[in-house]
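The values are calculated or read from the model by the stated rules, or taken from the named source; none is laboratory data. From a predicted model like this one, the values you see are computed outputs, not experimental measurements. With ideal geometry, Cβ positions are generated from the backbone for all residues, glycine too; neighbour counts draw on all protein chains shown. What goes into the accessible areas is simple: the full protein's heavy atoms, side chains included, and nothing from ligands, DNA or RNA. Shrake-Rupley method; radii C 1.70, N 1.55, O 1.52, S 1.80 Å.
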Amino acid sequence: MLSNTDVAELLARQAERESGILSRAFRRAARSAFLWPEEVAQVAAQHRSLTELRSIGPFIEKQIRGWLDKPPQSSKKKPEIRCDFISLAEARRLLAMRPAWSKKLRGDLQMHTRWSDGSGTIAEMADAAKERSYSYIAITDHSKGLKIAGGIDEPTLRKQGIEIAKVNTLTSKLDGRLIVLRSVEMNLSPRGEGDMSQACLSSLDLVLASFHSSLRIIEDRTERYLAALRNPHIQILGHPRGRIYNYRLGLRADWPRVFAEATILDKALEIDCYPDRQDLNVDLLKIARKQGTRISLGTDAHHPWQLEFIELGLAAALQAKIPAQRIVNFMPTLDLKTWVQRIRDCSAEKR
Ligand SMILES: [Zn+2]
């Protein structure tokens, strides 16, 4: 039986054979396959229309039904740019086998709002998080260096803090549990330097930082990672490789060394759970496990509904057998804050 991951690969290959609008439709369907909540083979077996699934129209449905009836044989190896991605259907199956694992999750540590390039307000993201019974979420809008994503400067981030405080006050009056943490996805230069003032960063609950430029370089970028990790104002390194499904491979580095440095500094590397990122991926997570590195889960959600992407990260961490105590988002709020403070204190001592 073909899995959604198999069908995604067939769709991606079909896209390469087509051109123009058809090629784009197949490409889009390939990416969407990772988000289908059920196995497409099961939907077909239940005599339902495949067009229930995202990005499948009647034309692509016919193509997929053909593949399901007679799975194409191919000796061609899957290209690396499409390797090691988990489908949501697979993630849900994995997580259902270990229900205790998902129950440990307390929150989501990367998401965007209207303050940068997201579509939801802070209150809407908080409502979506409450529905998932989270204890906390971190609002990580882009910083000023990433103009293309509406990155915000220090005064704007301060204003956002006022809105977050209002949401928190209202929440505590109503039903208590959720806390919205003030954070940022700070843009890092290829040299590992941030773009926000120290004073601004230390006023936040948590700082996530990511590379968004020079991501197609083939040569080893270990130094870039070490510099970023040693930046005293950062606790989490977001989407470390910068890979995107069928679009960009991401950076290379001496990963055992990068993870070992993170462990020494007690910092976390992220699993960006966005379906076409899944970055860190399972292979790198296994190296992180051996090096004893902390892992943070962030959906990188740009809409409230996208908080469900967290399942992809939970499944990847489970597959890589990351110990629960190393997952930052499994910590209660107070422990999370203590961890951040400890890193800040250590960095201050060194300066
Ligand atoms: Zn980013």
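Brief remarks follow.
- Against the numbered list (1) part of a loop (DSSP other than H, G, I, E, B); (2) more than 27 Å from Ala316 (Cα to Cα), Ile56 comes up short only at (2).
- Screening Pro275, Pro332, Pro304 for residues that are more than 22 Å from Phe34 (Cα to Cα) and either away from the ligand (no atom under 16 Å from the Cβ) or open to solvent by less than 40 Å² (accessible area, probe 1.4 Å) (or both) leaves exactly one candidate, Pro332.
- Only listed residue being more than 18 Å from Ala165 (Cα to Cα), touching a residue at least 12 places away in the same chain (Cβ under 8 Å) and open to solvent by less than 10 Å² (accessible area, probe 1.4 Å), chosen from Ala129, Ala91: Ala91
- When Ile234 is tested against (1) without any contact (Cβ under 8 Å) to a residue 40 or more places away in the chain; (2) β-branched (Val, Ile, Thr); (3) farther than 30 Å from Glu16 by Cβ, only condition (1) is not met.
- Residues satisfying the stated conditions in the range 19-53, i.e. closer than 16 Å to Arg65 by Cα, among the hydroxyl-bearing types (Ser, Thr, Tyr) and not in a helix (DSSP H, G or I): Ser49
- Filter result (open to solvent by less than 20 Å² (accessible area, probe 1.4 Å), on the phi < 0 side of the Ramachandran plot and within 13 Å of the ligand (Cβ to nearest atom)) within the range 240-270: Pro240, Arg243, Glu270
- Val167 being surrounded by 15 or more Cβ atoms within 10 Å (Cβ to Cβ) and more than 27 Å from Gly242 (Cβ to Cβ): yes
- Within the range 117-157, being closer than 18 Å to Phe309 by Cβ, part of a loop (DSSP other than H, G, I, E, B) and under 19 Å from the mean Cα position of the chain (by Cα) holds for Asp117, Gly118, Ser119, Gly120, Arg132, Tyr134, Thr140, Asp141.
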